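*Asks:* Would you mind keeping the following structure in view while I ask a few things?
The values are calculated or read from the model by the stated rules, or taken from the named source; none is laboratory data. Quick caveat: nothing in here was measured; it's all calculated off a predicted structure. Cβ atoms come from the backbone with ideal geometry, glycine included; neighbour counts cover every protein chain shown.
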Amino acid sequence: MKLALHWKIIIGMVLGIIFGFIMNSVGDTGRGFVSDWIAPFGKIFINLLKLIAVPLILASLIKGISDLKDISKIKTMGLRTIVIYVGTTLIAIIIGLTIVNTLKPGEGMSPDTIEKIKMKYENDAGVTDKLMKASAQNDAGPLQALVDIFPSNIFVSLGEAKMLQIIFFALFVGICLLLIPKKKAKPLVRFFDSLNEVVMKMVDLIMLFAPYAVFALMANVIIAFDDTAILVKLLAYAGCVVLGLALMIGFYLILIKVYTKKSPMWFLNKIAPAQLLAFSTSSSAATLPVTMERVEEHLGVDKEVSGFVLPVGATVNMDGTSLYQGIAAVFIMQVIWPEGLTFTNQLVIIATALLASIGSAAVPSAGMVMLVIVLESIGFPAELLPIGLALIFAVDRPLDMCRTVVNVTGDATVSMMVAKSLGKLHDNPKPKEWDDNYEAVK
């Protein structure tokens, strides 16, 4: 019997974790071996996924918009997508704040633990980098996020993978294709249709390497955890985040069952490879090609919908990140700034986390940069910011992996809901395999 892809990825993930712990026990020699000879294969895999993400967004979005044949449908689809994304993000933040205020993981942390974490991470290059990026973000004008949507050079935007600019350009081209005579638009539409097919076939081929790449990625993650004592002391905080993320997944499954009338277990089975890759890479942007392939070919969402909803979601829908920001902000205040725990400040956290999630880049650890902005919005003392980030830095990577799973699951859920509302959700999708046309060309 042929083993399903998600089981192969799970096996690779488990073996990678075991191998990582073995190499950690060997010491610097083992960690050096993983870093030099194993980790590069994970980086190659992520590079391949990023390689096809931009052409896939461009091709699928232009093709999807041009196939609508009615500009009013773009407004309808776009409005429903944004409303649902904002709604799920608000629910995620509220779930996070409810959990952290109920369980209070920051209360009772010993001064010795705080001092140990402070000494180890306060001046860490990673913490310093996040503070510098947040400062640069704050220095921009109030409408800079809007300005950044409009590219001055699309080739620069493509080269730097600026998702919002690429989405705008694709929408612009798609709309213009609708506004010119069909005969003149047809050659370009056929080009992007062919490009979309080619890139989706690339996804199938790249995924053959996924179990081995996940092995490399997980082994590399494990060797990075060199202080398990601190990790254990932060279990209460990490547990709150994981609990909130699990509740968010449960909320998505309710939406799938109630609105789309599909089985939650069927949904999880079909989307599992994308979730596992999201966990391994911590990047919804790198996972986007796989998410699109699973949503279109396995969940039955029409290309017209997935080509719009998923690229937008990878950029603006950060439910897991928003939930984490709510919990992390309150946890930090519980530990070092309890006087800031007012109802007004928590309302500000909801509003700022919602806005920050829209601008949060779909790359690893971007959520921590946005967390600094959330804390500054409530008047968190600037001199305590390095300590605050240091408190959660040790467990940020594993939690980043978990919240990326939620981000990707949310994107898939919303795409199904939008497709269902537009009558674009198909009951019997036919997945394509990498070797469908192999016999004809071998």
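*Asks:* When you scan region 42-92, how many residues do you find that are surrounded by fewer than 20 Cβ atoms within 10 Å (Cβ to Cβ), more than 21 Å from the chain's Cα centre (by Cα) and either of a type in the set (V, I, T) or assigned to a helix (DSSP H, G or I) (or both)?
*Replies:* 9
*Asks:* Also, I was wondering about something else. Filter region 401-436 for residues that are acidic (D, E) and either within 30 Å of L68 (Cβ to Cβ) or buried (at least 24 other Cβ atoms within 10 Å of the Cβ) (or both); which is modelled with the highest pLDDT?
*Replies:* Among those residues, the one meeting the criterion is D411.
*Asks:* Can you say whether A274 is touching a helix residue (DSSP H, G or I) at 6+ places or on another chain (Cβ under 8 Å), part of a helix (DSSP H, G or I) and either at pLDDT below 95 or aromatic (F, W, Y) (or both), as far as the supplied structure shows?
*Replies:* In short, no.
Yes/no matrix, rows are residues, columns are (1) among the aliphatic types (A, V, I, L, M); (2) in contact with a Cys (Cβ under 8 Å, 6 or more places away or on another chain); (3) under 20 Å from G244 (Cβ atoms):
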| site | (1), (2), (3) |
| --- | --- |
| F380 | no, no, no |
| L384 | yes, no, no |
| P398 | no, no, yes |
| R403 | no, no, yes |
| S421 | no, no, no |
| N428 | no, no, no |
| P431 | no, no, no |
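*Asks:* Now a separate question. Evaluate the following for L179: is it of a type outside the set (D, E) and closer than 26 Å to L288 by Cβ?
*Replies:* no
*Asks:* Pairs needed: first member in region 155-173, over 18 Å from L195 (Cα atoms); second member anywhere, outside any helix (DSSP H, G or I) and of a type in the set (A, V, I, L, M, F, W, C); C-beta distance under 6 Å; at least 6 residues apart or different chains.
*Replies:* L164/I149; F168/I149
*Asks:* Inside region 393-442, can you point out the residues that are aliphatic (A, V, I, L, M) and either farther than 15 Å from G320 by Cβ or over 24 Å from the mean Cα position of the chain (by Cα) (or both)?
*Replies:* Those that are aliphatic (A, V, I, L, M) and either farther than 15 Å from G320 by Cβ or over 24 Å from the mean Cα position of the chain (by Cα) (or both): A394, M416, M417, V418, A419, L422, L425, A440, V441.
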